[in-house]
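Everything on this sheet refers to the single structure shown next.
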Amino acid sequence: MSTRTTHSGNPRRERAVTLRVARQRAERRRRGLIWASVVVIVLVAAAIVTGLSVSSSGSSKSAAQSGELGPEGIALEQGTPLAPITTAAKGGTVQGVQCNSGEQAAYHIHTHLAVYVNGVLRPISPGIGTVAPVAQQTANGVFYSASSCYYWLHVHAQDGVIHVESPTSSTYTLGQFFAIWGQPLSKTQVGPASGKLTVYVNGKPYTGDPAAIALGSREDIQLDVGTPVPPTAVDWSRSQL
């Protein structure tokens, strides 16, 4: 009678193999976690850089177009006004534009004007065309009304918006507005600022006489004296004008 002997192997060797396999799996998991962390860090860094770039671009644009929304829902122009309001007309007819005791509503449109002198925004003085202006503080800034009369072309706030309000539909020009302001306007002169003039109307270059520019509804006019500035568009969507 013969007896078969069964060999179960070397238990010590089997444990060594099991430990080695476990270590290899753990190492692979560790490397996977490291790479995942690297990817996350890269993505976060890219998002931060992109965010900063967008924020910086947005800040530059806001600075160019000015600050917080004013009482008319248009961003207020920050900085030193181009010229004082003290030179403005006091009630007499100017280049066919009259000054009436009340605002006219038969023809009512709005044009935005921005003036830059060597790259610096110079706000349009609020109150132009409102004779004996009275400042009223609102939750969104100062609003000017007339205590004597309103010219058909006037400005209520420091937002660069020219109100065209006349008893009949007609074409009015930027030159008439500057005449009411009592300031010169030509290809080499904008108020007290003189030099090479670059003009944009609705973002497009304009090479004619700036005084002849017609004031259109929701039109953007930009005058750059000296160093030119890329044209910017006004956001009319937040305004009821």
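Here, each number is a calculation from the coordinates, and none is a lab measurement. Quick caveat: nothing in here was measured; it's all calculated off a predicted structure. With ideal geometry, Cβ positions are generated from the backbone for all residues, glycine too; neighbour counts draw on all protein chains shown.
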**Fill in**
Note, residue 153: beta-carbon cut-off 12 Å, +1 each Lys/Arg, -1 each Asp/Glu, net -2
**Asked** With Cβ to Cβ distances under 13 Å as the rule, what net charge do the other residues near residue 190 carry (K, R +1; D, E -1)?
**Response** +1
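When ranked by the protection proxy of mean other Cβ atoms within 10 Å per residue, highest first, what sequence do the peptides 179-187, 140-148, 207-215 form?
179-187, 140-148, 207-215
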